[in-house]
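Only the coordinates and a few stated rules stand behind these numbers; no lab work does. Since the model is a prediction, treat every value here as computed from it, not as a measurement. We place every Cβ from the backbone using ideal geometry, glycine too, and count neighbours over all the protein chains shown.
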Amino acid sequence: MKLYNANLSPFAARCRIQIYVKNLPVELVDPPGGLHSATYDAITPIGKVPCLEADGFVLPESELICEYLEDRFPENPLRPASAEDRARARLVSRLCDLYLMAPMGVLFGQLNPKTRDEKLVAEKAVEAKKALGLLNHYVGSDGFVVGGKLSLGDCTLVPMLFFITTLGAPMGLGATPLADYPNLAAAWARAGKDAILSKVTGEMGAALAKMQGG
Ligand SMILES: N[C@@H](CCC(=O)N[C@@H](CS)C(=O)NCC(=O)O)C(=O)O
């Protein structure tokens, strides 16, 4: 099995956390020919990372990849036991994907001070803060999404928090972007003490530094 991966992508990072935690037999590879190449588009017409290839079965979309990997490898589960806790973990993933990433994606494109549209940044920062408030409401005060242990919800949340804490200031989210969201701050602090979560956010940081020419 292989995962077409890019270390900076929060969506790919979500899958890598699961792969590392469960020690899954999934090889991490770059998209052949690169993103937007005809070769990669022929594999996955969506053209995005991550994408899983499993014995000829090709699956894009990070959430579906994680769910599929849980179905294929149920041991050491990252889906909580009860229906309610599962729904809660999925809710946090959904809030990240639909409510937070939408404005964050725009803000990511506005980092260059020379070309930045300040009005757009201000608008999207309001949307991102609203999404952070929602997430803070649903994440536990212990910093876990649900049930006091790692779940697929945390796999989604922590890479998003990487972007908020690393790029939140230039994105218009303030100098300490998690200050108003204690549960998210707890999640980020906890991630810093977790070997695998730190490994993945470290990979993201190295990829960001490379992108920024560092
Ligand atoms: N909904 C998708 C989003 C994936 C996504 O947007 N990936 C970005 C990298 S963070 C990408 O591959 N972008 C390339 C492009 O859109 O051309 C998922 O959850 O996997």
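How much length, in nm to one decimal, is gained on full extension between residue 141 and residue 75, taken as 0.36 nm per residue of separation minus their Cα-Cα distance? Mind showing how you got there, number by number?
Numbers: separation 66, 0.36 × 66 = 23.76 nm, distance 2.71 nm.
Additional length available on full extension: 21.1 nm.
Within 10 Å of each residue's Cβ, count the other Cβ atoms and sort 49, 29 from fewest upward. Kindly include the intermediate steps, with their values, before the conclusion.
Numbers: 49 22, 29 11.
Final ranking by Cβ density, sparse to dense: 29, 49.
Quick check on the exposure proxy: order 144, 11, 73 from fewest to most C-beta atoms within 10 angstrom.
On the way: 144 20, 11 23, 73 17.
Placing the least packed residue first, the sequence is 73, 144, 11.
Kindly flag which residue pairs out of 2/114; 129/210; 124/210; 114/193; 149/210; 119/149 have an alpha-carbon separation exceeding 30 Å in this structure. Provide the component values of the computation, followed by the final result.
Working: 2/114 39 Å; 129/210 28 Å; 124/210 26 Å; 114/193 37 Å; 149/210 32 Å; 119/149 40 Å.
From the list (2/114; 129/210; 124/210; 114/193; 149/210; 119/149), the Cα-Cα distance tops 30 Å for 2/114; 114/193; 149/210; 119/149.
For 115, 165, which order do you get if you count the other beta carbons within 10 Å of each Cβ and list the fewest first?
On the way: 115 8, 165 19.
Taking fewest neighbouring Cβ atoms as first place, the list is 115, 165.
Taking all pairs of different Cα atoms in region 107-155, averaging 1/r and flipping that mean, what Kirkwood radius in angstroms comes out?
Details: mean 1/r = 0.0778 Å⁻¹.
Taking the inverse mean of 1/r over all distinct Cα pairs, region 107-155 comes out at 12.9 Å.
Compute the distance in nm between two label points, each set 7 Å from the Cα along the Cα-to-Cβ direction, one at residue 98 and one at residue 179.
About 3.2 nm, to one decimal.
Considering all alpha-carbon pairs of region 2-72, what whole percent are spaced by more than 21 angstrom? Walk me through the intermediate numbers first.
On the way: 370 of 2485 pairs.
Counting pairs separated by more than 21 Å, the tail of P(r) holds 15 percent.
Of the DSSP beta bridges with both residues in the chain, give the percent that are antiparallel, rounding to the nearest 5. Could the numbers behind the result be given before it?
Working: 8 of 11 bridges.
Around 75 percent of the beta bridges assigned by DSSP in the chain are antiparallel ones.
How far apart, in nm, are two points set 7 Å out from the Cα along the Cα-to-Cβ line at residue 117 and at residue 58?
3.4 nm
Taking 0.36 nm per residue of sequence separation and subtracting the Cα-Cα distance, how much length would be gained by fully extending the chain between residue 38 and residue 166, in nm to one decimal? Mind showing how you got there, number by number?
On the way: separation 128, 0.36 × 128 = 46.08 nm, distance 3.29 nm.
Full extension from residue 38 to residue 166 adds 42.8 nm.
Stokes-Einstein diffusion coefficient for the chain at 20 °C in a medium of 1.002 mPa s, Rh from the Kirkwood formula over Cα pairs: what value in µm²/s? The partial results should precede the final answer.
Details: Rh = 17.7 Å.
Using the Kirkwood radius from Cα pairs, D works out to 121 µm²/s.
Sorted from largest down, give the three principal axis spans of the alpha carbons of region 30-144, whole angstrom values.
Result for region 30-144: principal-axis Cα extents of 47, 44, 17 Å.
Sum -39500 (n - 2.57) across every DSSP H segment of at least 4 residues in the chain, then divide by the residue count to get the 222 nm mean residue ellipticity, nearest 500. Before the final figure, lay out the partial values.
On the way: 9 runs with 116 residues, N = 214.
So the calculated ellipticity at 222 nm is -17000 deg cm²/dmol.
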